Amino acid sequence: MKSLLFQFILVPFVILNFVNNVNAGITSRFVREEWPSVDIPLDHEVFAVPKGYNAPQQVHITQGNYDGNAVIISWITFDEPGSSKVQYGKSDKNYEFSAEGKMTNYTFYKYNSGYIHHVLVDGLEYDTKYYYKTGDGDSAREFWFQTPPMIGPDVPYKFGIIGDLGQTYNSLSTLEHYMESGAQSVLFVGDLSYADRYKYNDVGIRWDSWGRFVEKSTAYQPWIWSAGNHEIEYMPYMNEVTPFKSYLHRYPTPYLASKSSSPMWYAIRRASAHIIVLSSYSPFVKYTPQWKWLEEELNRVDRKKTPWLIVLVHVPIYNSNEAHFMEGESMRAVFEEWFIHHKVDYRISNIRYNVSSGERFPVPDESAPVYITVGDGGNQEGLAGKFRDPQPDYSAFREASYGHSTLEIMNRTHAVYHWNRNDDGKKVAIDSFVLNNQYWSSNVRERKLKRHYLTGMRMIAS
């Protein structure tokens with residue numbers, strides 16, 4: 001998909017918490033001087049292969065369990081399988097612990113992947129910096145990561161939000177600006193490498209270059225993955241007909257920890273957030289595995305422990321851009337009522353519509369979530385710059401540009417969203433708003449009313 005097309009629901013991605021006092025109906029007039037939407041040449045330094053025989057490369061980590069005190073560490077070796085072992089500890093170069101994982105590989109057309117290693121490191125302490133080493137001998141490489149604070153309702157935490165990244169010069173600008181943001185983990189809403197824009201062996205080669213490209217961030221903090229259409233890679237002309245083959249081999253998710261039957265949809269809890277990842281390109285209608293799993297997972301959400309409910313999904317449920325308009329309508333029809341019932345964080349809904357009667361358009365709904373559509377990473381498809389006119393009432397702000405977002409959770413009641421534009425190579429803050437947590441805002445009012453009512457009863461009783 002083109003940039004600016006992915007949803008993150010504060011319960012794309014979809015954000016499911018409510019926005020108050022938003023100045024609605026703004027279409028930005030900004031027109032950037034686009035850097036060429038072409039991939040960076042393979043001999044560029046951002047794709048440099050680490051030195052040394054069989055040196056680990058494309059190192060990346062993601063959350064490894066339900067509650068955040070585990071990581072999955074992944075990397076690739078090319079000369080030989082080597083060891084699937086991670087050494088780690090709480091001080092630099094003092095690796096008192098180790099964990100063993102597993103190795104896999106795959107072919108795509110005539111491309112043979114390297115040896116792909118995945119290691120689960122669990123039983124970690126919360127809010128602790130760990131140092132880790134992968135590889136053997138002089139070619140071993142060292143990194144570090146910080147575990148999140150223990151789950152709790154008022155735990156502050158800052159997420160980055162990136163979608164449609166690719167590997168262009170615009171992508172590089174986005175990545176570098178994000179790394180200056182101070183965010184602690186990335187919510188990635190799909191479309192990683194755009195390797196499917198290539199053919200034959202170049203597909204695998206561009207997956208490898210992307211893994212090296214993002215390593216300077218992914219090796220040091222968890223990126224929470226969701227898949228987009230560019231991960232499907234259905235290419236019958238190459239006899240490649242297994243969807244998501246490259247993605248599933250390279251980028252693991254902790255799906256079993258949330259009782260999911262597929263790595264394409266899963267859930268985690270991190271700090272004060274409960275994050276649900278859905279798959280736009282897997283069956284989701286009634287009675288399918290994803291539908292049944294989501295029904296159960298939403299019932300597991302405990303807003304007293306994790307007040308912020310966030311859903312990541314690649315195809316926008318609400319979208320006023322001409323590109324991919326209405327592509328999320330089928331998922332909206334299936335899941336929107338659940339999102340509203342569980343107070344995923346929005347403000348408009350269309351649940352009163354059906355094919356034979358009811359409201360024809362989305363209407364204001366205080367119990368609905370906020371939808372944030374983010375797909376501005378910088379991929380080679382370029383900007384999706386054509387918006388529907390007039391701007392729909394449900395659209396608060398829209399701009400076709402490149403950049404990244406952050407979501408900073410302050411406590412159980414408030415979070416702050418920022419969108420930052422790559423303005424011809426410079427980071428410029430453009431849009432921001434405060435999210436009032438729907439669940440806790442309503443419960444605070446209910447508790448106040450209850451206290452007032454009970455006080456009145458005591459007075460009457462006396």
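The values are calculated or read from the model by the stated rules, or taken from the named source; none is laboratory data. Not measured: the values here are computed from a predicted model. For neighbour counting, all protein chains shown are included, and Cβ atoms are generated from backbone atoms with ideal geometry for every residue, glycine included. All accessible areas refer to the heavy atoms of the entire protein, side chains included, with ligands and DNA or RNA removed. Shrake-Rupley method; radii C 1.70, N 1.55, O 1.52, S 1.80 Å.
Summary table below
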{"item": "Any chance K286 is surrounded by fewer than 19 Cβ atoms within 10 Å (Cβ to Cβ) and not in a helix (DSSP H, G or I)", "result": "yes"}
{"item": "Residues satisfying the stated conditions in the stretch 272-283, i.e. polar (S, T, N, Q) and crowded, with 21+ Cβ neighbours inside 10 Å", "result": "S272, S279, S280"}
{"item": "Residue, modelled with the lowest pLDDT, within the stretch 404-460, restricted to residues that are closer than 18 Å to G152 by Cα and small (G, A, S)", "result": "S441"}
{"item": "Search result, residues across the stretch 300-336 that are under 14 Å from V370 (Cα atoms) and out of contact with any helix residue (DSSP H, G or I) (no Cβ under 6 Å at 6 or more places or on another chain)", "result": "W308, L309, I310, V311, L312, V313, P316, Y318, N319, R332, E336"}
{"item": "Matching residues in the stretch 371-392 - criterion: being polar (S, T, N, Q) and in a loop (DSSP other than H, G, I, E, B)", "result": "N379, Q380, Q391"}
{"item": "Those residues of the stretch 144-167 which are in contact with a strand residue (DSSP E or B) (Cβ under 8 Å, 6 or more places away or on another chain), among the hydrophobic types (A, V, I, L, M, F, W, C) and open to solvent by 10 Å² or more (accessible area, probe 1.4 Å), in sequence order", "result": "W144, I151, V155"}
{"item": "Subset of the stretch 220-256 (residues that are assigned to a loop (DSSP other than H, G, I, E, B), surrounded by fewer than 19 Cβ atoms within 10 Å (Cβ to Cβ) and in contact with a strand residue (DSSP E or B) (Cβ under 8 Å, 6 or more places away or on another chain))", "result": "Y220, Y234, V241"}
{"item": "Failed criterion for R141 (all others in (1) over 19 Å from the mean Cα position of the chain (by Cα); (2) open to solvent by 10 Å² or more (accessible area, probe 1.4 Å); (3) closer than 30 Å to M238 by Cβ hold)", "result": "(3)"}
{"item": "Checklist (1) among the basic types (K, R); (2) surrounded by fewer than 18 Cβ atoms within 10 Å (Cβ to Cβ); (3) not in a loop (DSSP other than H, G, I, E, B) applied to R269, failing item", "result": "(2)"}
{"item": "Among (1) surrounded by fewer than 19 Cβ atoms within 10 Å (Cβ to Cβ); (2) under 15 Å from the mean Cα position of the chain (by Cα) - the single one R197 does not satisfy", "result": "(2)"}
